[in-house]
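K.L.:
Dumping the structure here so I can ask a few things about it.
The values are calculated or read from the model by the stated rules, or taken from the named source; none is laboratory data. Everything numeric here is computed off the predicted structure, so don't read it as measured data. When we count neighbours, we look across all protein chains shown, and the Cβ atoms used for this are built from the backbone with ideal geometry, even at glycine. Each accessible area value is taken on the protein alone, full model and side chains, heavy atoms only, with ligands, DNA and RNA left out. Shrake-Rupley method; radii C 1.70, N 1.55, O 1.52, S 1.80 Å.
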Amino acid sequence: MDETPPKATEGLPDTSPVILYANHHHFYDGHLLWYLLRHALGRPGTIWMEEWDRYPFFAAVGAQPFPTDDSRRRAATIRRTARRFREAPRTVMVYFPEGELHTPAEGIHPFPEGAAQRLARFYPEATWWPIAIDVTFWGDKHPTACLLPGTPHSAPDGNERDRLTRLWHTLRETLPEAPHHVLLNGRPSPTDVWDFSRFASLFARYLKPL
């Protein structure tokens, strides 16, 4: 997993919340961004998961439930996130504005109209930060995931998809020749499908009471 050199984080506030928005092309995108935040930047992170009940162990690394069929739980997560921003202002919220995982060949899907602006109304103090994600084989038998941070900005202005699309194309056109910094060398693992829903009550303890 690669990223551009640390200077790419210039302009990122150190003492206020950040909403990191990225394209969503691979099932492990959330883990890559969590690793970037915790191990490269030393900041806590959170992410809203539609299928949190199937993978509740992700609560241990900041994931919160956001089911499409339960408005009460979604509202609780919105309030809990606001509290995290107040209590730990360096928290970064990971946001996938396309709203779905899809293949890289499809480019970057349109963003739901007005979604970023609605999110900004909940958290007006947050800085917005685009990060493009791409996976390439670079001629190797194992894939390499690459991250390219963009320039942080103060609030959504309707150009978020254009920013992210340009960033993603830059990433695809310049690697592997561009300067980069290795975050993690991975190892091959079996491709399994896991369901941890039976452990939901155990991992729910990572979610603070409202």
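K.L.:
Can you name the residue in segment 25-43 that is open to solvent by less than 40 Å² (accessible area, probe 1.4 Å) and under 19 Å from H109 (Cα atoms) and, of all such residues, is modelled with the lowest pLDDT?
P.N.:
Keep residues of segment 25-43 that are open to solvent by less than 40 Å² (accessible area, probe 1.4 Å), which gives 25-26, 29-30, 32-33, 36-37, 43.
Now drop any that are not under 19 Å from H109 (Cα atoms), which leaves 25-26, 29-30.
Numbers: H25: 85, H26: 82, D29: 89, G30: 87.
It comes out as H26.
K.L.:
From the set of residues in segment 64-107 that are in a helix (DSSP H, G or I) and aliphatic (A, V, I, L, M), which is farthest from W52 (Cα to Cα)?
P.N.:
Result: A105.
K.L.:
Still on this structure: Please tell me if R72 is in contact (Cβ under 8 Å) with a residue 60 or more places away in the chain and exposed (fewer than 13 other Cβ atoms within 10 Å of the Cβ).
P.N.:
The answer is no for R72.
For (1) over 30 Å from R166 (Cα atoms); (2) open to solvent by 40 Å² or more (accessible area, probe 1.4 Å); (3) touching a strand residue (DSSP E or B) at 6+ places or on another chain (Cβ under 8 Å), each residue gets a yes or a no:
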position	(1), (2), (3)
G45	no, no, yes
F58	yes, yes, yes
R86	yes, yes, no
P110	no, yes, no
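K.L.:
With respect to E113, determine if the residue is more than 24 Å from A204 (Cα to Cα) and in contact (Cβ under 8 Å) with a residue 24 or more places away in the chain.
P.N.:
no
K.L.:
Can you tell me which residue among L148, L164 is open to solvent by less than 10 Å² (accessible area, probe 1.4 Å), modelled with pLDDT of 90 or more and not in a loop (DSSP other than H, G, I, E, B)?
P.N.:
L164
Here is a yes/no grid of residues against (1) in contact with a strand residue (DSSP E or B) (Cβ under 7 Å, 6 or more places away or on another chain); (2) among the hydrophobic types (A, V, I, L, M, F, W, C); (3) buried (at least 17 other Cβ atoms within 10 Å of the Cβ):
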position: G99; (1), (2), (3): no, no, no
position: H102; (1), (2), (3): no, no, no
position: A105; (1), (2), (3): no, yes, no
position: P124; (1), (2), (3): no, no, no
position: P156; (1), (2), (3): yes, no, yes
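K.L.:
For G99, work out the one condition from (1) at pLDDT 95 or above; (2) under 18 Å from A63 (Cα atoms) it doesn't fulfil.
P.N.:
Exception for G99: condition (1).
K.L.:
For segment 20-58, give me each residue that is under 8 Å from the mean Cα position of the chain (by Cα) and hydroxyl-bearing (S, T, Y).
P.N.:
Passing the criteria: only Y21.
K.L.:
Whether any residue in segment 27-37 is part of a loop (DSSP other than H, G, I, E, B) and in contact (Cβ under 8 Å) with a residue 60 or more places away in the chain is what I want to check.
P.N.:
Checked against the condition, which is being part of a loop (DSSP other than H, G, I, E, B) and in contact (Cβ under 8 Å) with a residue 60 or more places away in the chain, segment 27-37 yields at least one hit.
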